[in-house]
1. Over region 87-153, one equal point on each Cα, no solvent: what is log10 I(q)/I(0) by the Debye formula at q = 0.12 Å⁻¹?
2. Contour minus end-to-end for Val141 and Phe69, with contour as 0.36 nm per residue of separation and end-to-end as the Cα-Cα distance?
3. Given Cβ point charges of +1 (Lys, Arg) and -1 (Asp, Glu) and nothing else, what value in debye, to the nearest 20, does the dipole of region 87-153 about its Cα centre take?
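Throughout, read-outs are computed from the coordinates displayed, never taken from laboratory work. On a predicted model such as this, the values are computed, not experimentally measured, just so you know. Virtual Cβ from ideal backbone geometry, glycine too; neighbours counted across all protein chains shown.
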Amino acid sequence: MDDRDGNEQNEECHRVTVEVGLLRNAARFRNATPARPKKNAPAIPAGAFPTQIETRSWLGGDGPFPQWFKEKDNPVWSRHYSDEPDDADCELLTDTLRKLGAKRMIVGHTVQENGITSYCDGKVWCIDVGMAAHYGGDVEVLEIRGDMVRGISER
């Protein structure tokens, strides 16, 4: 794989990550008033959510910082699958994975005090173990071999 292929895969990963967040909260933001993009703004795909329009305008320097980014539970920052998800969260995860054609989701940014943790019958793996000096967590890795997934640590 050359660098170009790696970059394309990274871009696709980031796109899917953001779209999963958008799927999670789309109904809540569907009726928001979008910022009006300037004449030179990149094309916005048909059917785009207002959140996508506002974000594209802001990233392109043509609009203000979207205020919904500051909300605790927004399309980009959500802990529905990493902070002890309930049955409704697991149902939503199952539906999201089905729509994406994926078996599982791997998430971070919510420290798991007991190490790498899975929820929803192994459909979501939470890998933030707080390795930063601030948290003092142990080094752990997530091993994926086909359908076998497990956290590995020195403990």
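1. -0.33
2. Values: separation 72, 0.36 × 72 = 25.92 nm, distance 2.98 nm.
Length gained between Val141 and Phe69: 22.9 nm.
3. Details: 7 positive and 11 negative charges, 70 e Å.
Dipole magnitude for region 87-153 comes out near 340 debye.
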